[in-house]
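Since the structure comes first, as structure tokens, the remarks are kept for the end.
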Amino acid sequence: MRYFAIFTLTILLLIPAEGVLGQGAAKQKMNALSVIFPYRLEGVWVFDDATKGVVREPFISGADKILDVLAEHIPNAADGFKIIFSAKPFPGYTTRFVWTRAEYGGNWYRWPEQQMEGWLCPALLKYFESPPKEIFVQVSAKSP
């Protein structure tokens with residue numbers, strides 16, 4: 001019996017967790033769609049996401065200017081508005097951003113139709129396993 005236990009333990013140590021638990025079981029599951037609610041804090045666009053451990057994460061280096069344009073039609077956007085986003089197109093998306101390059105641990109995305117570019121910090125990887133080649137976005141007012 002002792003040899004069987006040692007043999008079983010040895011086999012379990014040699015088999016990768018993914019093979020035992022199933023494809024991707026060791027990886028964190030990512031949603032197909034994500035949502036954040038940016039708001040202005042002392043003139044800076046920021047967002048919180050308690051589910052991801054994000055508090056007052058700022059949008060900088062052009063991403064702030066992009067939010068200005070995205071939010072210009074939303075009443076009281078400075079108090080918060082909704083952004084739904086995904087690496088794949090979804091019904092109702094209105095804007096597409098294209099990855100251009102990585103820099104300083106973050107990633108640059110271009111909004112071709114507006115000739116704008118913005119840097120997204122490493123918090124992007126809390127929503128995607130790797131930086132997507134495209135990000136599809138829908139913005140709207142928060143629900144009351």
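General remarks:
- Answer residue from segment 32-53, given it is among the β-branched types (Val, Ile, Thr) and crowded, with 16+ Cβ neighbours inside 10 Å and is farthest from Gln138 (Cα to Cα) among those: Val46
- Selection of segment 111-144 for residues being polar (S, T, N, Q) and at pLDDT below 95 yields only Ser143.
- Exclusive hit being exposed (fewer than 11 other Cβ atoms within 10 Å of the Cβ), under 20 Å from Ser140 (Cβ atoms) and at pLDDT 95 or above, set Glu72, Glu103: Glu72
The values are calculated or read from the model by the stated rules, or taken from the named source; none is laboratory data. Nothing here was measured: the structure is a model prediction, and the numbers come from that model. When we count neighbours, we look across all protein chains shown, and the Cβ atoms used for this are built from the backbone with ideal geometry, even at glycine.
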